[in-house]
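Report on one structure; see the data block that follows.
The values are calculated or read from the model by the stated rules, or taken from the named source; none is laboratory data. Remember, it's a predicted structure, so these values are computed and weren't measured experimentally. Every residue, glycine as well, gets a Cβ built from its backbone with ideal geometry; the counts of neighbours run over all protein chains shown.
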Amino acid sequence: MDLTPQAAQQTLEDIRQLMRQTRAALAAEGADWILMLWGLIWIVAFLGTQFLPRQAPWFWWLGVGVGVLLTVSLMLGLRRWRKVHSESLRRLSWRIFGFWALLITYACLWIFLWMPPSNLKLNLYLVTLAMFASVVMGLWLEARLLLVLSLAVTALALAGYFFWPAYYGLWMAVVGGGSLLGGGLYIRLKWR
Amino acid sequence: MEQPDPVIHQPVRLRLMAMLSAVEADAQVDFVYLRDRLKLTDGNLSVHLSKLEEAGYIQQVKTFVGRKPRTYVHLTPRGRAAFAEYIAALEEIIHSLGDHRETDCS
């Protein structure tokens, strides 16, 4: 077997690409469903905020409650059918779960301490906080798509808040919920 | 110049080793996932896994999830070292191209 430098270069590139794809596909296990789920919840809750403002808190309490319940069920179900079993991965999953649980606790505490003066501000606070946590996840897990998606949704939420406050709910349903849903669909179709 | 390990160099086995190297050192990868990702049949994948197992590069672990049998594959420390050596051998061959060019120019 005599390998030419050009063939070796090609082989090395193929290996690196396959390793990247494998890491991405395994890291994304379940992320597609979770993103699509939260995208749908955002679309419904933001549309509710826009068109039925008095009932908005109910849309959010119900949406977030169902979302947390389904996300935890999905994660527990995935553990059984995971493609990769690893003690270090299991520990990482628990750390991620702990991070989100703590974040939700702190978010509630800060709302209690400094209740934002309007529903619009409260909404922007929660969206940017959730996206900040996603940026941290993106950096932590080296998931570029998550990082870019979270930064983009943060920028779009701020744009909606400053430029079209009257249509903020509608704007966020389309660009916020749409981005999460689209991100989940992209992972599902491209990273499998 | 050292040529790459022929056990690993076979295209399917090379892709298998690359996928197994991409996960954590303590990770075990599902047989079905490997089969589907590499678009192989059960028999074909088993043959390649056996070759790698004979070389001591991987280990297969058979278990049950509920009542269904599942097979997981993991890279042994020897397999991880062999794959690192394979990559080093490829890099050496690539660098030799640069050395030849420099020699040609001088």
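Within the set of pairs 6+ apart or on separate chains, which have a first residue in the range A:139-159 that is among the aliphatic types (A, V, I, L, M), a second that is outside any helix (DSSP H, G or I), and C-beta atoms under 8 Å apart?
A:A143/A:A28
Quick check on the range B:68-90: of everything there that is away from every other protein chain (no Cβ under 12 Å) and basic (K, R), which residue is farthest from B:L34 (Cα to Cα)?
B:R78
Can you list the helices (runs of 4 or more DSSP H) found entirely within the range A:95-192 that contain at least 3 residues being among the small types (G, A, S)?
On the way: elements: A:119-140, A:144-163, A:168-171, A:178-190.
Hits in the range A:95-192: A:119-140, A:144-163, A:178-190.
Tell me yes or no: at least one residue of the range A:101-119 is farther than 30 Å from B:Y33 by Cβ, without any contact (Cβ under 8 Å) to a residue 24 or more places away in the chain, more than 15 Å from the chain's Cα centre (by Cα) and crowded, with 16+ Cβ neighbours inside 10 Å.
no
In the range A:25-44, how many residues are touching a helix residue (DSSP H, G or I) at 6+ places or on another chain (Cβ under 8 Å), in a helix (DSSP H, G or I) and over 24 Å from A:Y167 (Cα atoms)? Can you show your working first?
Just the residues of the range A:25-44 that are touching a helix residue (DSSP H, G or I) at 6+ places or on another chain (Cβ under 8 Å), to begin with: A:25, A:28-44.
Among the residues that remain, those that are also in a helix (DSSP H, G or I) are: A:25, A:31-44.
Adding the requirement that they be over 24 Å from A:Y167 (Cα atoms) leaves A:25, A:31-34.
The qualifying residues number 5.
Given the criterion farther than 20 Å from A:S179 by Cβ, touching a residue at least 24 places away in the same chain (Cβ under 8 Å), out of contact with any Gly (no Cβ under 7 Å at 6 or more places or on another chain) and within 14 Å of chain B (Cβ to nearest Cβ), identify the matching residue among A:R82, A:R90.
Values: A:R90 fails: touching a residue at least 24 places away in the same chain (Cβ under 8 Å).
After applying the criteria, what remains is A:R82.
Please go through the range B:34-67 and give me each residue that is among the hydrophobic types (A, V, I, L, M, F, W, C), without any contact (Cβ under 8 Å) to a residue 12 or more places away in the chain and more than 14 Å from chain A (Cβ to nearest Cβ), ordered by number. Spell out how you get there, then give the answer.
Start the filter on the range B:34-67 by keeping residues that are among the hydrophobic types (A, V, I, L, M, F, W, C), which leaves B:34, B:38, B:40, B:45, B:47, B:49, B:52, B:55, B:58, B:61, B:64-65.
Imposing the further condition that a residue be without any contact (Cβ under 8 Å) to a residue 12 or more places away in the chain reduces the set to B:47, B:64-65.
The one that is among the hydrophobic types (A, V, I, L, M, F, W, C), without any contact (Cβ under 8 Å) to a residue 12 or more places away in the chain and more than 14 Å from chain A (Cβ to nearest Cβ): B:V47.
If you check B:E102 against the conditions, is it out of contact with any strand residue (DSSP E or B) (no Cβ under 8 Å at 6 or more places or on another chain), at pLDDT below 95 and away from chain A (no Cβ under 11 Å)? Quick ask: steps written out before the conclusion?
Details: out of contact with any strand residue (DSSP E or B) (no Cβ under 8 Å at 6 or more places or on another chain): yes; at pLDDT below 95: yes; away from chain A (no Cβ under 11 Å): yes.
Here the answer is yes, as B:E102 does meet what is asked.
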